[in-house]
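Below is one structure; the comments refer to it alone.
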Amino acid sequence: MTTFKEAYGTLQKHAATLRDQKEPNIDDLLQVVTESVSAYKVCQERIDAVEKALQAALSGEGAAPQPK
């Protein structure tokens, strides 16, 4: 499983690659886009899960378990 940090790093790397190119590299574009879409989905799923957990915790429904 890819972590948020790894997926975010992939997005940053691909953004920098595309931004720094003088001319588009069409041969690599499909791979860059495919990896970026996958990384974006990982990030979005993690953000959604954290938002849901925070909403539950702040509403008192999902109190964190006490350490033993």
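Miscellaneous remarks
- Enumeration of residues in the stretch 45-56 that are surrounded by 12 or more Cβ atoms within 10 Å (Cβ to Cβ) and closer than 23 Å to Lys5 by Cα: Glu45, Arg46, Ala53
- Scoring Leu11 on the criteria (1) assigned to a loop (DSSP other than H, G, I, E, B); (2) modelled with pLDDT of 95 or more leaves a single failure, condition (1).
- Matching residues in the stretch 3-30 - criterion: being under 16 Å from the mean Cα position of the chain (by Cα), exposed (fewer than 15 other Cβ atoms within 10 Å of the Cβ) and not hydrophobic (A, V, I, L, M, F, W, C): Thr3, Lys5, Glu6, Gly9, Gln12, Lys13
- Single match in Val42, Val37, Val33 (criterion: exposed (fewer than 12 other Cβ atoms within 10 Å of the Cβ) and either in contact (Cβ under 8 Å) with a residue 12 or more places away in the chain or among the hydrophobic types (A, V, I, L, M, F, W, C) (or both)): Val37
The values are calculated or read from the model by the stated rules, or taken from the named source; none is laboratory data. Every value quoted in this text rests on a predicted model; they were computed, and no experiment measured them. Cβ atoms come from the backbone with ideal geometry, glycine included; neighbour counts cover every protein chain shown.
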